[in-house]
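Worksheet: the structure to be examined is printed underneath.
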Amino acid sequence: MRRGSGILVVGLLLSAALSCGREVPEPAPPFLSVALNTTDPATVRYGYSLIDVTPDRVSEVTTRQRALVWLGGYDKVRCAWTWSDAEVRMRFARYGLARSPRVAGYFVADEPNTDLNCPRAAAEVRKRSALVRSLDPDTDHFTVVNVDDPDQFAAFRGATDVMSVNVYPCLAAKPCDWSRIPQALARLREAGVTRYMGMLQVFSFEQWRWPTAAELTGMIAQWQRSDWLGQLTFSWEYKGSRLADHPELLRVLKRLNDAPHELFPLP
């Protein structure tokens, strides 16, 4: 009875809104939240809806999450795919990726032309994304390429369903550069990229450092003032460092994942 009554109330409200000439707002699309480099089930506790796995590990994804499947990537030294088209087809068939309810999408390439020595990278990513779509025509599944250079946003526009953008504003022994994320967002608009995700700096390696909780909050706040579709956390584990050792950062990430549309304060 409760369920039936609820449906009746919703129907009455909808009719009333339409009769008054008001449009009923569409619900916000689901926020994509990806934990990179892990199959750790602890990611569920922190609100991650997707985890980044290779095809052979899709079966390890829990029923409360889905997989962003890594397809081997693009070698930016050789300017060639790590896996050939035939190898991609083989993995789709062997692991039943297109039919798996655990799959949400495919991570096609990460920074494929970051060194500017692969001028055909964008065209190659476009072709690989088309191959993936031919193997998995489900439009609820999406392809992603990560691009770090704003000068390449236009070239990669539309090469995949979604573009990931990594902007790491916090360098070792320096304060965070709070101009970098807004500048990248402006360049995305100039390039006509409308479907994008932000890759958050949550790691320490070489010139990059762990952010403080306040700095991570500031990064997220800047991304929230955009049309981002979600976030990728780089990284759950990387080069011997672990996000699990930073509970203060995990609290910030959980807050974002649990309520992504509640704005954080700007830095």
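The values are calculated or read from the model by the stated rules, or taken from the named source; none is laboratory data. Everything quoted here is computed from the prediction, not taken from an experiment. Neighbour counts are summed over all protein chains in view; Cβ atoms, including those assigned to glycine, are modelled from backbone coordinates with ideal geometry. In case anyone asks, the SASA skips ligands and DNA or RNA and just uses the protein heavy atoms, side chains included. Shrake-Rupley method; radii C 1.70, N 1.55, O 1.52, S 1.80 Å.
Lys pairs in the chain, Cα-Cα under 27 Å, at least 8 apart or on separate chains: how many?
On the way: Lys76/Lys127; Lys76/Lys239; Lys174/Lys239; Lys174/Lys254; Lys239/Lys254.
Close lysine pairs under the 27 Å cut-off: 5.
Just from its helices, what would the mean residue ellipticity at 222 nm be for the chain, if runs of 4 or more DSSP H residues each count -39500 (n - 2.57) and the sum is divided by every residue, rounded to the nearest 500 deg cm²/dmol?
Taken over the chain, the calculation gives -10000 deg cm²/dmol.
How long is the gain from Arg242 to Arg120 if the chain were fully straight, where each residue apart is worth 0.36 nm and the alpha carbon distance is subtracted?
Difference between extended and current length: 40.4 nm.
Leaving out ligands and nucleic acids, and using a 1.4 Å probe, what accessible area per residue does the chain come to in Å²?
Values: 13680 Å² over 267 residues.
Per residue, the chain has 51 Å² of solvent-accessible surface.
So, with +1 on the Cβ of K and R and -1 on the Cβ of D and E, and no other charges, what is the size of the charge dipole of the chain about its Cα centre, to the nearest 20 debye?
Once rounded to the nearest 20, the dipole reads 540 debye.
Between region 57-115 and region 222-267, what is the separation of their alpha carbon centroids in Å?
24
Determine which residues of region 218-243 fall in the zone a paramagnetic label at Leu263 would reach in this model, i.e. backbone nitrogen under 20 Å from the point 7 Å along Cα→Cβ.
Under cut-off, by backbone N: 218-231.
Could I have the simple spin-label model distance between Thr62 and Lys254, label points 7 Å from Cα toward Cβ, reported in nm to one decimal?
1.3
Round to a whole number: what % of the accessible area of the chain belongs to carbon and sulfur, probe 1.4 Å?
54
Rank these by accessible area, largest first, 1.4 Å probe: Lys174, Lys76. Kindly include the intermediate steps, with their values, before the conclusion.
Details: Lys174 115, Lys76 55 Å².
So the residues, ranked largest to smallest area, are Lys174, Lys76.
For Ala173 and Ala213 in the same chain, what is the full-extension length gain: residue separation times 0.36 nm, less their Cα-Cα distance, in nm?
That works out to 12.8 nm of additional length.
Given axes a ≥ b ≥ c from the Cα gyration tensor, I'd like to know whether region 165-205 is rounded (a/c under 1.5), prolate (a/b larger than b/c) or oblate.
Values: a/c = 4.26, a/b = 1.88, b/c = 2.27.
Oblate shape, in that a/c is at least 1.5 and b/c is the bigger or equal ratio.
For Val58, what accessible surface area do you get with a 1.4 Å probe? Give it in Å², rounded to 10.
My reading of the accessible area for Val58 is about 10 Å².
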